[in-house]
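Read-outs throughout are calculated quantities, based only on the coordinates presented, and are distinct from any laboratory measurement. All values reported here derive from a predicted model rather than from experimental measurement. Don't worry about glycine lacking a Cβ; one is built from the backbone with ideal geometry, like all the others, and counts go over all protein chains shown.
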Amino acid sequence: AAEGASFIDTRLSDPQGNIRSLSDYIAKGKVVILNFWSSTNSASLKEQRMLALYEQKNSNRVTVIGLSLDTNISEWLKSIKENSLSSVQLTDAKGWSSAPLRLYGVNSNPYCIVIDADGTILKRCSTASDALNLVNAVLNK
């Protein structure tokens, strides 16, 4: 999924075990940050916390979707709770074989993809800071 292309939909589980589609959240009038992270990677966990806080302050204009690379559902749920991650959290518990990684060509963790309000991929970012700089620029146009 290249910059300028439309987002690719996929179905994943939320923390309650419900199946959700990315399209439940994308192209709904808000800028979306897909954040690939795992509970075992301290750098990605730190970025997930930072993005969740950013979303709390900008919830009417931004949605953060945490896409977990965890394979252990218990550890994933524990990490969400312990870190008070209020943003949307989804997983297929397949780690580096997860559908979103393949669909979006992601091969590092942490990693972010910024999607505009109509579902077009704006940028692929290796850090949350880069993603937030872009999101701030888009929101302040």
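Mind checking the full-extension length gain between Lys28 and Asn140? Use 0.36 nm per residue of separation minus the Cα-Cα distance, one decimal, nm. Could the numbers behind the result be given before it?
Values: separation 112, 0.36 × 112 = 40.32 nm, distance 1.86 nm.
Going from the current span to full extension adds 38.5 nm.
Just how large is the dipole of the chain about the Cα centre, in debye to the nearest 20, putting +1 at every Lys and Arg Cβ and -1 at every Asp and Glu Cβ? Numbers along the way, then the final one.
Values: 15 positive and 13 negative charges, 37 e Å.
Roughly 180 debye for the chain.
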Label-to-label distance, nm, for residues given as Arg11 and Gln56 (7 Å Cα→Cβ offset):
3.3
Which lysines have a Cα lying under 17 Å from the Cα of Lys123, excluding residues fewer than 8 positions away in the same chain?
Lys30, Lys141
Taking the alpha-carbon centroid of each part, what is the distance from segment 1-17 to segment 83-113 in angstrom?
9
For mean projected area of the Cα convex hull in nm², the listed values are (i) 7.2; (ii) 8.4; (iii) 13.3; which was obtained by calculation from the structure presented?
(i)
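Just for segment 4-117, what percent of DSSP beta bridges are antiparallel, to the closest 5? Please list the in-between numbers first.
Numbers: 9 of 19 bridges.
Bridges in segment 4-117 are about 45 percent antiparallel.
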Taking the convex hull of the alpha carbon atoms in segment 52-130, what volume per residue do you get, in Å³?
97
Extend 7 Å from the Cα of Ser129 along its Cα-to-C-beta direction; within segment 16-55, residues with backbone N under 15 Å of that point are 43-44, 46-48, 50-51
